[in-house]
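The values are calculated or read from the model by the stated rules, or taken from the named source; none is laboratory data. Keep in mind it's a predicted model, so treat the numbers as computed, not measured. Note: ideal-geometry Cβ built from the backbone for every residue, glycine included; neighbour counts use all protein chains shown. For the accessible areas, the whole protein counts, side chains as well, though only heavy atoms, and no ligand, DNA or RNA atoms are used. Shrake-Rupley method; radii C 1.70, N 1.55, O 1.52, S 1.80 Å.
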Amino acid sequence: MKNILITGFTPFDGESINPSYESIKNLDDTIMNFQIIKKEIDTSFSQSHLQLLAYIKTYQPVAVILIGQAGGAKHLRIERVAINIQDASIPDNKGYKPVDQYVIKSAPNAYFSTFPYHEIVENLIDEGIPSSLSYSAGSYVCNHLLFHLLHYLKTTNQNIPAGFIHVPYIFSQVKDKKDVYATDLETLTKAMNIMLHTVIKELL
Ligand code: PCA
């Protein structure tokens, strides 16, 4: 059976949960003959890519999808680009806060996602889940991880679907926040299933 790797992040910035991992952890273990490998990645610049690359080497996935929280977002953001910049406005979970640094000094300025982003947005919207393409995954740990993933796949000639989806807060996270958008976990998990079916269609 072929593997699809999907990851979420650990909570950060004082939160007790991260909806990115919450939305994937209960996904079915298999979908249409593909094994769905779900992993939680540390929200840190130093560890995140090492964990991801180790999982890729272990599971040899045929597609890799990363999920992260974008607090304050009003819909799912299907990320198309990773930039070679790390510039953090808050420290990561190891207390590290890079300013204006490269992700990988010798690498290109940017990489593009290779998963079927247009189809994912279309299918999510068809199912009533607000989503759009996004041309910036920021300059924090999410962008860092997507950049490392796309760089690794490119430099090892692995032409497989890979990309990133940012998800909004879920309701339990915004009880004490004013005027901040949130959605429910069920909707996010449904979105993950729609996205995986869309990716799998491309692999068949
Ligand atoms: N979101 C952060 C890092 C971890 C996460 O879930 C980001 O957007 O960079």
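Can you go through Gly95, Gly72, Gly8, Gly14 and tell me which one is within 11 Å of the ligand (Cβ to nearest atom), open to solvent by 10 Å² or more (accessible area, probe 1.4 Å) and either touching a strand residue (DSSP E or B) at 6+ places or on another chain (Cβ under 7 Å) or assigned to a loop (DSSP other than H, G, I, E, B) (or both)? Working first, answer last.
Values: Gly95 fails: within 11 Å of the ligand (Cβ to nearest atom); Gly8 fails: open to solvent by 10 Å² or more (accessible area, probe 1.4 Å); Gly14 fails: within 11 Å of the ligand (Cβ to nearest atom).
After applying the criteria, what remains is Gly72.
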Query raised in the report: more than 16 Å from the ligand (Cβ to nearest atom), part of a loop (DSSP other than H, G, I, E, B) and open to solvent by 50 Å² or more (accessible area, probe 1.4 Å): does that describe Lys105?
Result: yes
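Return yes or no: is Phe115 open to solvent by less than 40 Å² (accessible area, probe 1.4 Å) and closer than 20 Å to Glu22 by Cβ? Break it down stepwise before answering.
Details: open to solvent by less than 40 Å² (accessible area, probe 1.4 Å): yes; closer than 20 Å to Glu22 by Cβ: no.
In short, no.
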Requested in this report: Inspect all residues belonging to the stretch 57-65 and state whether any of them is within 12 Å of the ligand (Cβ to nearest atom) and within 16 Å of the chain's Cα centre (by Cα).
Outcome: no
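State whether one or more residues within the stretch 125-133 are over 28 Å from Asn193 (Cβ atoms) and open to solvent by 20 Å² or more (accessible area, probe 1.4 Å). Steps first, please.
From the stretch 125-133, those over 28 Å from Asn193 (Cβ atoms) are none; that's our starting set.
No: the stretch 125-133 contains no residue that is over 28 Å from Asn193 (Cβ atoms) and open to solvent by 20 Å² or more (accessible area, probe 1.4 Å).
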Report task. Considering only the stretch 126-139, state which residues are within 16 Å of the ligand (Cβ to nearest atom) and of a type in the set (A, V, I, L, M). Result -> Ala137
Report summary line: Subset of the stretch 17-47, residues acidic (Asp, Glu) and either surrounded by 19 or more Cβ atoms within 10 Å (Cβ to Cβ) or within 17 Å of Gln69 (Cα to Cα) (or both), comes to Glu22, Glu40, Asp42
Query raised in the report: Mind checking which pairs have a first residue in the stretch 140-151 that is within 7 Å of the ligand (Cβ to nearest atom) and a second that is in a helix (DSSP H, G or I) and open to solvent by less than 10 Å² (accessible area, probe 1.4 Å), Cβ under 7 Å, 6 or more apart or different chains?
Result: Val141/Ser48
Report summary line: Taking the stretch 151-176 and keeping only residues that are over 23 Å from Val62 (Cβ atoms), in a helix (DSSP H, G or I) and touching a strand residue (DSSP E or B) at 6+ places or on another chain (Cβ under 6 Å), one is left with Phe171
